[in-house]
Amino acid sequence: MAKTVSHPAKNNKILFAASEAHPLIKTGGLGDVAGALPAALHDLEQDVRLILPAYREAMQTIGDLKVVSLRMQNDPHPLRLLEGQLPGSGLPVWLVDSPRHFDRAGNPYLGADGRDWPDNAERYALFARAVSAVALDQMGLAWRPDVVHCNDWQTGLVPALLSLAPARPASVFTIHNLAYQGVFTTADYRRLGLPAELWTVEGLEFYGQAAYIKGGLAYADMLNTVSPTYAEEIRTPAFGCQLDGLLRRRGDRLVGILNGADYHEWDPERDRHLPHHYSAASLQGKAANKTALQRELGLPRAPEVPLIGLVGRLVEQKGVDMLLAILPELLQQPVQVVILGSGDPAFETALLTLAGHYPQRCQVNIGFSEGLAHRIEAGADLFLMPSRYEPCGLNQIYSLRYGTLPVVRRTGGLADTVTDWTAGPDRATGFVFDAAAPRALLDTLLRALQLYRDDPAGWRRVIGNAMACDYSWRQSAKAYLDLYQQAMTHASAGKTP
Ligand code: ADP
Ligand code: GLC
């Protein structure tokens, strides 16, 4: 983790650019981070503005928006900047409004057919140009940031474009997931009029194509990823997604800062999605949530049967193939398994088919439901995250707070946040396995089920340890302040990375 500063150094102006932010629009953990970290920075007396594309859902959620800027000299499409507030925190939000690109229903990245929107290269080039224009105070807002904080490939072009400006703010790029790279063709690159001088092996070029993520990795003043372990892993070929060489070269600019949890949203004592509230001191509410969840999902009401939950994107990263491999054997046990997610259609179908064979024991919900995600966190006894890799992972952090013991693979942020049962009853917070193999997952689950059955007192102690963990954003936000400081030092030294 980056060295933290004890006090906010000064009131920095921070432009925080992301492609999703809860509660405006969310597909995964990036949305949670972009909805919570800017607010935590604001609480540390920073002047933070969040900037997002003006997706239809985001505009509808904010409701009260005003036009604050209108321009784009060289662009064929007019561009408006809308201003509003992030519901809940009141943080200022700017939405980059180009209806042709963003005013559409559904997922920000995918069409109804589950494929990437065909114009994603253009959509996120336009977004990056708008963010750069705001960063250089070219949009008439009379506000110039000290730091631009970019997140994932959708904002990767921003540090690259800024590197061409004679006087520019510092840039920080956060890698939430190295496997998503925003790779587009040379033809796209040329058609979009992106600067020829950025088309180099050290720059955006990636095996003959353009990778937007490289704009962040190669040009940002400082880089980070969302856990200390993933920050190490991505320097190796096994996790580096063909970018490990670049990351090793920029190794002195790369740190790991663990994500936090937004306990205003994710706390069983006040979670607005739960029928019953509870705390470590009084767990009856947890049992009541379990019964309510069983009723909601049409499972037998069985307080004594261990309930295993999983919420997440159904993609290879999350180890869904391993889960599919063990489910038939796991479901021979007296258990209930509840799954909420969407993603790869083959995984969706396979899970639904399996669940169809075990209607009393396995319930699969395909789709996205914020409320049900919270109710699974509260109602389950165990939470499954057998990820092949996991930059940070938020659901295991939420699970700890909900006393829903996580079963995780020792990788990335999962390794940094969950302590295995073998550490003993004073320290354990869950169950951790090493090999990315179905057998290892099943053995660990069986070990957990045995503890649940045979040692209720031991189980409650682990719940107590888990619920006592504190991953609130404040500490991590301070680490980001330190990162911004380093970025500003490098930027003012005047060297383009
Ligand atoms: P990732 O960002 O890789 O998807 P994280 O664990 O960091 O994984 O964050 C996932 C976030 O998205 C959590 O808030 C989780 O509850 C939420 N989420 C994922 N899938 C769904 C779904 N189908 N319905 C509701 N929430 C979901
Ligand atoms: C990514 C990662 C996840 C991380 C999230 C927020 O989607 O897959 O591990 O928690 O971003 O940083």
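Every number here is computed from the coordinates shown, using simple stated rules; none is lab data. Because the structure is predicted, anything quoted here is derived from the model rather than measured. FYI the Cβ positions are ideal-geometry reconstructions off the backbone, even for glycines, and counts take in every protein chain you see.
Could you give me the ³J(HN,Hα) list for the stretch 202-209, computed from phi with Karplus coefficients 6.51, -1.76, 1.60 and θ = phi - 60°, whole Hz, x at Gly and Pro?
6, x, 7, 5, 8, 6, x, 10
Give the percent of DSSP beta bridges with both residues in the chain that are antiparallel, rounded to the nearest 5.
Restricted to the chain, the bridges split so that about 25 percent are antiparallel.
Ranking C469, C241, C150 by Cβ neighbours within 10 Å, fewest first, what do you get?
Fewest to most other Cβ atoms nearby, the residues stand as C469, C241, C150.
How big is the antiparallel share of DSSP beta bridges in the stretch 132-262, given as a percent to the nearest 5?
Once the DSSP bridges in the stretch 132-262 are tallied, antiparallel ones form about 25 percent.
Using the Cα gyration tensor of the stretch 284-470, with a ≥ b ≥ c the square roots of its eigenvalues, what is the shape: rounded (a/c below 1.5), prolate (a/b larger than b/c) or oblate (neither)?
Note, shape of the stretch 284-470 comes out rounded.
Let me check I've understood the local charge: for G35, count other residues with C-beta under 10 angstrom from its C-beta, Lys and Arg +1, Asp and Glu -1. What total comes out?
Result for the neighbourhood of G35: -3.
By how many degrees, between 0 and 90 and to the nearest 10, does the Cα long axis of helix 438-454 differ from the longest principal axis of the chain?
With both axes taken from Cα atoms, the answer is about 50 degrees.
Let me check I've understood the local charge: for T236, count other residues with C-beta under 13 angstrom from its C-beta, Lys and Arg +1, Asp and Glu -1. What total comes out? Mind dumping the intermediate values first?
On the way: positive: R235, R248; negative: E232, E233, D244.
Net charge around T236: -1.
Where does the charge balance sit around A105 when Lys and Arg score +1, Asp and Glu -1, over other residues with C-beta under 14 Å from its C-beta?
Around A105, the surrounding residues sum to -1.
Cα axis of helix 370-379 to longest principal axis of the chain: angle in degrees, 0 to 90, nearest 10?
Relative to the chain, helix 370-379 is tipped by roughly 30 degrees.
Within the chain, what is the longest stretch that has no GluC sites (Glu not before Pro) placed in a DSSP loop and near at most 14 other beta-carbon atoms within 10 Å?
No qualifying site falls inside 305-497, the longest such stretch.
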